[in-house]
Amino acid sequence: MRRAEELFFKTLMILATIVILGSLMMILFAVVKRGLPAMNWDMITKIPSGGFYIGKEGGLLNAIAGSLFIVIGSTFLGLLISIPIVIYINIYLPPKSFLADLTRLSSDVLFGIPSIVYGAFGFTLMVYFGLKTSLLGGIIAVALLITPILIRSMDEVARIIPKDLKDAALSLGATRFEIIKVILKQISPGITTAILLSVGRAIGDAASVLFTAGYTDNIPTSLSEPAATLPLAIFFQLSSPIPEVQDRAYAAALILTFIVLVLSLAARYYSRKFSKNKI
Amino acid sequence: MKTMKYPTEENYYDEVLTIVNDKNKKTMPSSNSNAPHISVRNLNVYIQRNHILKNINLDIPNKSITCIIGPSGCGKTTLLKTFNRLLERSNEIKITGEVLVDGENIHDPHIDITHIRKKMGLLSQRPCPLPMSIYDNIAYGPKIHGTRNRKQLDAIVEKYLNAAGLWDEVKDRLHAPANRLSIGQQQRLCLARGLAVEPEVILGDEATSALDPISSKKIEELFVQLKEEYSIALVTHTLRQAQRIADYIVFMYLGEVVEAGPAAEVFNNPKEKLTREYLSGYFS
Ligand SMILES: Nc1ncnc2c1ncn2[C@@H]1O[C@H](COP(=O)(O)OP(=O)(O)O)[C@@H](O)[C@H]1O
Ligand SMILES: [Mg+2]
């Protein structure tokens, strides 16, 4: 009986794994199958030329650059907001603090809000300040979107820092400000994971940049110019009735996947390098 | 009596305190001509309204080893943490009475808390190296207290690694991560790290309980050497250890100091029945 039970659950787990891996493989297969034939050097080195919706000329450099700018900018901005928050609720506030719990709860709620809401919120802000759709607008909207992810995943690691470690640093006569460096080193793997998660979310999100960053055929040269993004490039091209243009959407998806892969590998490599001294 | 209040506290305990009298007042005779290094006067500690330390009076004599013994949960760690004010980091703590270090009340609201902590090196139960290299672990303290000169730092690192008997084992890999060391080495590293900020007192909380017998013995020997220059207060989990190294014994039970005095006296001729029972292994 117990053996049957074990067998049952084991089968269930294996099936679940197969479903997950299977869907992932199918998605990758579809992307590669339709995207790869449409891939060529122009795709990643040229901006679109001649009517984007109908055209088959030129490439996606505008969207690649726009996406990278937005991801880098928003991750930077997000870290600038989230690291002080995580430090504050874990070092400065006492262990059972209402404010800390409230912050955690809020970031959980913010985490669940659909990205279109961030887009709309960002857009409202921009209207209020009289800004046009721009790279800056996109960066701000995406930063808002990923900040809860950053806070939550860094907090998970920061919360389990042994009290002994803080006590050890404090008992050397360090102030709370001075132990921040120690804490940051200790949670550096958590920071890497947080960045990875949020980069994945930031680069793949279309809704938050739709109203805020806009779209353009050019590479933005300043923060106030609109910026194209890969998810929107996929969206617009997939909406086209022309099969060749649709194939270009798959090529864009392939590029997106590739960028995420490269960023993940890089983050892993650097996290290993930097967390060498971790306990 | 000085009273510290925390914002979350009401005056709840003031009433309680008037009831507590000094019937338990026990002060250790100081055989040294020196004044005691740490004096505890009528110390009461409440954690979440539980009376954890009850009217503690004791002295930690200068340049000797004082071992604090007692069954687990009797408040030894709490006592040690009040000495360098690490207790207040938790919620709902109320402390009354005085802890005098060199005659200065460390709970005085005007006192610089880092100055107090710098005076005391703390060695915790499990070694807790900072997430950095061996070198940086030692240099961390001196650096935050203002030593920037590389040559000076090098000298400090060598000196205190030597003091902790670790130099020969690690001199070729000073920049390797500290967590690569064995547990016993890590504990000696933590000792060296504590010494590097030039404390006057060393506090140890069951500092050898996580170690193998050989490392444990090394640490014990270090304590015996170090008492020439430092006052040492150790919470010990084994009576044997206390018998080997203690000059003074403080026996605690349920948050109170039951008996305190020179080690030979307490071990050979305990005054209290409770102490006798504890020493004979009647309970632990
Ligand atoms: N942070 C805390 N919150 C609540 N109770 C605590 C806390 N720290 C210690 N105590 C209580 O104080 C008492 C003494 O604990 P401790 O000082 O750790 O004892 P010991 O070190 O002698 O084993 C125990 O009953 C423990 O439950
Ligand atoms: Mg303890």
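So, in the range A:1-148, how many Lys pairs have Cα atoms under 30 Å apart, if the pair is 8 or more places apart or on different chains? It would help to have the intermediate numbers written out before the result.
Numbers: A:33/A:46; A:33/A:56; A:46/A:56; A:46/A:132; A:56/A:132.
Taking the Cα cut-off of 30 Å, the pair count is 5.
Grab the other residues whose beta carbon is less than 14 angstrom from that of residue A:194, score K and R as +1, D and E as -1, and report the net. Spell out each step's value before the answer.
Working: positive: A:152, A:159, A:201, A:268; negative: A:155, A:156.
Within the 14 Å Cβ shell, the charges total +2.
Relative contact order of chain A, please, whole-number percent, based on alpha carbon pairs below 8 angstrom and at least 6 residues apart. Don't jump to the answer; show the numbers that get you there.
Working: 371 pairs, mean separation 77.5, N = 279.
Relative contact order for chain A comes out at 28 percent.
Averaged over its residues, how many other protein chain Cβ atoms are within 10 Å of peptide B:113-120's Cβ atoms?
On the way: counts 3, 8, 1, 2, 8, 4, 1, 3.
Going residue by residue through B:113-120 and averaging, the value is 4.
Averaged over B:125-135, how many beta carbons belonging to a partner chain fall within 10 Å of each residue's beta carbon?
Details: counts 1, 2, 2, 9, 4, 12, 15, 8, 2, 1, 0.
Shielding by partners across B:125-135 averages 5.
Enumerate the aspartates and glutamates that residue A:185 could reach by cross-link, defined here as Cα to Cα under 19 Å, with residues fewer than 8 away along the same chain left out.
A:155, A:156, A:164, A:167, B:136
Please compute, for peptide B:138-145, the average count of beta-carbon atoms on other protein chains lying within 10 Å of each residue's beta-carbon. Display every interim value, and only then the final one.
Working: counts 0, 0, 8, 5, 1, 3, 9, 4.
That works out to 4 on average.
Based only on other Cβ atoms within 10 Å, what is the fewest-to-most ordering of B:56, A:18? Kindly include the intermediate steps, with their values, before the conclusion.
Details: B:56 26, A:18 11.
So the ranking, lowest neighbour count to highest, is A:18, B:56.
If you place +1 on the Cβ of every Lys and Arg and -1 on the Cβ of every Asp and Glu, how big does the dipole about the Cα centre of the range A:22-139 come out, in debye to the nearest 20? Working shown, then result.
Details: 7 positive and 4 negative charges, 35 e Å.
Value, rounded to 20: 160 debye.
In what sequence do B:63, A:163, B:218 fall when counting other Cβ within 10 Å, fewest first? Numbers along the way, then the final one.
Numbers: B:63 16, A:163 13, B:218 21.
If I rank by nearby Cβ atoms, fewest first, I get A:163, B:63, B:218.
Fewest Cβ neighbours within 10 Å first, please rank B:93, A:151, A:219 accordingly.
Working: B:93 21, A:151 26, A:219 16.
Ascending Cβ contact count within 10 Å gives the list A:219, B:93, A:151.
Each value in this text was obtained by applying a stated rule to the coordinates, not by laboratory testing. Model, not experiment: these values are computed from the prediction. When we count neighbours, we look across all protein chains shown, and the Cβ atoms used for this are built from the backbone with ideal geometry, even at glycine.
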